Amino acid sequence: MELRNKDLLAIRDLSPEEILLILDTAESMKEISTRDIKKVPTLRGKTVINLFYEPSTRTRTSFEIAGKRLSADVINISSATSSTTKGETLKDTGRNLQAMNPDLIVIRHAAAGAPKILADALPVPVINAGDGAHEHPTQALLDAFTIREKKKTLAGITVAIIGDITHSRVARSNIALLQKMGAEVRLSGPYTMVPPYIEALGVSFIPDIGEAIRDADVIMMLRIQLERQQHGLFPTVREYARFFGLNRERLQRAKPDVLIMHPGPLNRGVEISPDVADGPYSIILDQVTNGVAVRMALLYLLIGK
Amino acid sequence: MELRNKDLLAIRDLSPEEILLILDTAESMKEISTRDIKKVPTLRGKTVINLFYEPSTRTRTSFEIAGKRLSADVINISSATSSTTKGETLKDTGRNLQAMNPDLIVIRHAAAGAPKILADALPVPVINAGDGAHEHPTQALLDAFTIREKKKTLAGITVAIIGDITHSRVARSNIALLQKMGAEVRLSGPYTMVPPYIEALGVSFIPDIGEAIRDADVIMMLRIQLERQQHGLFPTVREYARFFGLNRERLQRAKPDVLIMHPGPLNRGVEISPDVADGPYSIILDQVTNGVAVRMALLYLLIGK
Amino acid sequence: MELRNKDLLAIRDLSPEEILLILDTAESMKEISTRDIKKVPTLRGKTVINLFYEPSTRTRTSFEIAGKRLSADVINISSATSSTTKGETLKDTGRNLQAMNPDLIVIRHAAAGAPKILADALPVPVINAGDGAHEHPTQALLDAFTIREKKKTLAGITVAIIGDITHSRVARSNIALLQKMGAEVRLSGPYTMVPPYIEALGVSFIPDIGEAIRDADVIMMLRIQLERQQHGLFPTVREYARFFGLNRERLQRAKPDVLIMHPGPLNRGVEISPDVADGPYSIILDQVTNGVAVRMALLYLLIGK
């Protein structure tokens, strides 16, 4: 079986079978990063371009490591050093890169839809590494991999996603993926951070976080972007932490085998308390480890066969 | 045959035979980038340093891809992260890099002559990747490669170079190369952007762009640097586009097999209209593709034999 | 023999035997960089992360070249593009990187102690590439390698370290290393730049630079950070150069086979005059060359066995 599309732009473009293919492939990739020699020749002579218009440690590094462990040549381009400062359009930047015969372009961009513009303009496969508040499909895939790794299945699992839903590409991609795979999704967060189209997504909204996490198998905390405070979406960091932060006391209402996830970077003491982030239920660092495996799988599936 | 100099600093240093050697070598290099495994071991164990004091996507990426496809280790240094912020002289930066035993240094710098300072101070080969308004020899070589690829020859070809001649290292390198190879060069552009020494260059100046492109085999549009407007070199972008931009209407005066070139990044709707940039005469993306091949050829000729 | 600690954080953690092991290993590494093919497969499949929170050409490039010549995959992360801009703690950044299964992390940070925080939090080996005014152990090791290379021994050698001792991690690491190896260390510099705990260090302070360098085998000039002037630590650059700069006249008091060292980048005409920096006693560029060898040795000893 193969992926049907040349690109990975959004979870909605993937069938449940394709999602399973990616997760299964990632399982065999994960083992490579535990070897003494963490490198296979699969993508030798392939050129992967990381085109990052937003700063990122985790995601860029994860893709770079994924590419290098498969022996690809990885080229990093960050917006600070790019021709975007010279007013070139994204499409022209893409066409220029395409003309250098890369095998795949990974793009992160502040504008929703930017990866699609690139993918439509170019024959080369494009992976969306996060576009504005739209999608972050590789994050949802690594989250699903991590849940499945711990719970053996995604079907029937209840996942509570807590925080700034409106502005979160992580939430959007996770909702789409989890629903496709038969999980139940509940959202919670301040009213100012819940999108109006929430019922159309087929998910429930539970204003009280205590209620939302009760009986959940997985609690996925979203990063609060502190600059939102200036826009009046929440009054103070302390108040946000008090009403929507996940702390040990609140966690007592959760199931005894609950899993705590967070896409990072953490705001310790805001959306998650340090003892919970570092505690026994947290699988936050598993997510990071699995991110490399999932990205290796995607590179392999899109250009390695 | 070999290149006589250790460096590539300016087109004027190359003989016609050397230019042909580079173009012929680039032809065989071009094929490598079309393979499934785009990598040959030619420069394995060689260290190539990209020392970029000006932001650049295209040129830095082109050199990096060229180096990696030849299996060199490529080290990128950009001015934002370099010791230049600590007041070190260029010569000292170069000597320090030299002390790490690199095999070749590629330098882009805002100051004309900077690559020569580096080359004179160091035994390692230096390639000028653009220095101020002085030269951009690899651009002229890839342009020549592209013209020859399409027209089978450079001798007897008429090339109209249009735009801000005074501030263009691309123009300067192209004029030198094209004249060496027996092409005829015509310039056009605003009077404020034509250098006073134009006749000494042995080229003609035709103020009216319509006249300049008539009977030209190749039209090379230069990028207008929009910040020049502040210096009063042209009144408005719209007026520049109207009098010196290449659009479909103006193109009707050109030969039916004319080639349109541009070094990028494009200012669409300023020096070139989108339909012309993307139209059937445009070989702008061929230039980019050939840039990788020409840079692979130069790396090979300077350090791979 | 092996290094006892998983990390290299400070010279004080190394025994004299370990220092000799590093220097001896570096000797065989140095030869690799003189080969036509400067690459050995020792660290193939290993991932080395360069995590630089301060700009640096020389040190970052030196580690990157060292890693690549040993065939490691090297990942550069600079603070400008990192999650630190998103308020993540250093420990969390480290844990996230650890989760991607790197083999070694090199860190430079403006805060003294940052590498230790990272090393204590992570199982992966950490190398301190300079932390605030605390330590720069690889600099001291490459300095020791260079002195030993020229003088055949460290024991009994007299080294005068001149300049801003208080703020110099280079001085601190060198004092520790040289004393361990039986060298005699003398300090000189403005009173405002000498730390109060100087006698506890077991070194002598000689206010007059002419006295300090008399009979010294090695003169190690420190870089003056010009921004210190704003803090009133010295009146003018000219006055600093006059009283504490090393120039040809002052050098006449030194031994005929004295060695001049400087960690770079140079402030020519401030702490060192150009004729001395480039003169016959200067081994400043040897230091840079040996830096690559010492870093190769450390990578090998920490993760290559």
ask   = Of all residues in the range C:1-40, how many are of a type outside the set (S, T, N, Q) and assigned to a loop (DSSP other than H, G, I, E, B)?
value = 15
query = Within the range B:286-305, how many residues turn out to be within 16 Å of the chain's Cα centre (by Cα) and either surrounded by fewer than 24 Cβ atoms within 10 Å (Cβ to Cβ) or not basic (Lys, Arg) (or both)?
reply = 13
ask   = Of the numbered conditions (1) under 20 Å from B:Phe234 (Cα atoms); (2) surrounded by fewer than 21 Cβ atoms within 10 Å (Cβ to Cβ); (3) touching a residue at least 24 places away in the same chain (Cβ under 8 Å), B:Ile162 satisfies every one except a single condition; which is it?
value = (2)
message = Take the conditions of a type in the set (S, T, N, Q), within 14 Å of chain A (Cβ to nearest Cβ), surrounded by 21 or more Cβ atoms within 10 Å (Cβ to Cβ) and farther than 23 Å from B:Leu97 by Cα and apply them to C:Asn76. Does it pass?
response = no
request  = Could you tell me which residue of the range C:56-71 is nearest to the chain's Cα centre (by Cα), considering only residues that are open to solvent by 10 Å² or more (accessible area, probe 1.4 Å) and within 13 Å of chain A (Cβ to nearest Cβ)?
outcome  = C:Lys68
ask   = Considering the range C:1-25 alone, what residues qualify as being within 16 Å of C:Ile303 (Cβ to Cβ) and under 15 Å from the mean Cα position of the chain (by Cα)?
value = C:Leu8, C:Leu9, C:Ile22
inquiry  = Exactly one of these conditions fails for A:Ile37: (1) among the β-branched types (Val, Ile, Thr); (2) more than 15 Å from A:Ile303 (Cα to Cα); (3) touching a Ser or Thr at 6+ places or on another chain (Cβ under 9 Å). Give me its number.
reply    = (3)
message = Quick test for you: out of B:Ile107, B:Ile117, pick the one residue that is within 14 Å of chain C (Cβ to nearest Cβ) and at pLDDT 95 or above.
response = B:Ile107
ask   = Among helices (runs of 4 or more DSSP H) lying entirely in the range A:171-285, which contain 3 or more residues that are open to solvent by less than 70 Å² (accessible area, probe 1.4 Å) and farther than 17 Å from A:Glu135 by Cα?
value = A:209-213, A:237-244, A:274-277
ask   = Based on what the data block shows, is A:Ser33 of a type in the set (Ser, Thr, Tyr), at pLDDT 95 or above and under 18 Å from the mean Cα position of the chain (by Cα)?
value = no
ask   = Restricting attention to the range C:80-87, does a residue exist that is more than 10 Å from chain A (Cβ to nearest Cβ) and either acidic (Asp, Glu) or open to solvent by 20 Å² or more (accessible area, probe 1.4 Å) (or both)?
value = no
The range C:26-40, residues that are open to solvent by 10 Å² or more (accessible area, probe 1.4 Å) and more than 24 Å from A:Lys39 (Cβ to Cβ) = C:Glu27, C:Ser28, C:Lys30, C:Glu31, C:Thr34, C:Asp36
key: Residues of the range B:95-140 satisfying the condition of being of a type in the set (D, E, K, R) and open to solvent by less than 20 Å² (accessible area, probe 1.4 Å)   = B:Arg108, B:Asp131, B:Glu135
ask   = Restricting attention to the range C:255-294, which residues are facing chain B (nearest Cβ under 10 Å) and free of Cβ contacts under 8 Å to residues at least 24 places away in the same chain?
value = C:Arg268, C:Pro274, C:Ala277, C:Asp278, C:Leu285
task = Considering only the range C:41-55, state which residues are in a loop (DSSP other than H, G, I, E, B) and either open to solvent by less than 10 Å² (accessible area, probe 1.4 Å) or more than 9 Å from every other protein chain (Cβ to nearest Cβ) (or both).
result = C:Pro41, C:Thr42, C:Leu43, C:Gly45, C:Tyr53, C:Glu54
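The values are calculated or read from the model by the stated rules, or taken from the named source; none is laboratory data. Since the structure is predicted, the reported quantities are computational estimates derived from the model, not experimental observations. Reconstructed Cβ throughout: ideal geometry from the backbone, glycine too, with neighbour counts over all protein chains shown. Side chains are part of the model used for accessible areas, which takes the heavy atoms of the whole protein and leaves out ligands, DNA and RNA. Shrake-Rupley method; radii C 1.70, N 1.55, O 1.52, S 1.80 Å.
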